[in-house]
């Protein structure tokens, strides 16, 4: 199966030409012209790699990269006209896997994509599961279980739980969850609370007295681990 690439760039001419070249190189390509759309597609299509332009309108590439890292460990290659060492160091500090300056050779970019995806696929064979206490997430099958019991989660519920699991017990604000799960810039507390309630109904022995999905008043939510006590 060919790797799926998410290309986030507002230069429509470059996106068209690069997308065509990548498809001819046996990649699947999904395109977005701005940060919020790119985040939504990253959540929806689960790409194998993201090509991310730094100079995006509104939400720039740095912020998009930060939001992606809150949601997933998928590989990211930054595309930019900036060549300063400070910009490259900033990218690598955010967890970027590679950094390509414009103008670039399409053939060279494909070689870099193949190298990054190859490394990532090798790592995924060893890290296809996420866990927190007795919660286990199978990231290949998008299945969740609690103490061996399969949980019937919707895709949104699964990704909400994934974000909390990746936080390893640290607090996630409502804004953090909106950005990571829905790709939204502005927080919608009612939406987050509704999905937290739905998730609790499937996780908790007593949803009115949660022990797994905990509210940290004034800050947000975090995962507890009653099995540890």
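The values are calculated or read from the model by the stated rules, or taken from the named source; none is laboratory data. On a predicted model such as this, the values are computed, not experimentally measured, just so you know. Cβ sites come from the backbone with ideal geometry, for glycine too, and all protein chains shown count toward neighbours.
I need the full set of residues from region 35-59 which are within 21 Å of residue 90 (Cα to Cα) and surrounded by fewer than 16 Cβ atoms within 10 Å (Cβ to Cβ), in order please.
Matches in region 35-59: 55, 57, 58.
If you check residue 51 against the conditions, is it more than 21 Å from residue 173 (Cβ to Cβ) and modelled with pLDDT of 75 or more?
Criteria met by residue 51.
Kindly provide the set of residues from region 203-223 that are buried (at least 16 other Cβ atoms within 10 Å of the Cβ) and touching a residue at least 24 places away in the same chain (Cβ under 8 Å), ordered by number.
Once the filter is applied, which keeps residues that are buried (at least 16 other Cβ atoms within 10 Å of the Cβ) and touching a residue at least 24 places away in the same chain (Cβ under 8 Å), region 203-223 yields 203, 212, 213, 220, 221, 222, 223.
What residue, among those in region 169-204 that are in a loop (DSSP other than H, G, I, E, B) and under 16 Å from the mean Cα position of the chain (by Cα), is modelled with the highest pLDDT?
183
Suppose we filter region 16-51 for residues that are outside any helix (DSSP H, G or I) and out of contact with any strand residue (DSSP E or B) (no Cβ under 6 Å at 6 or more places or on another chain); how many remain?
The number of residues fulfilling the criteria is 5.
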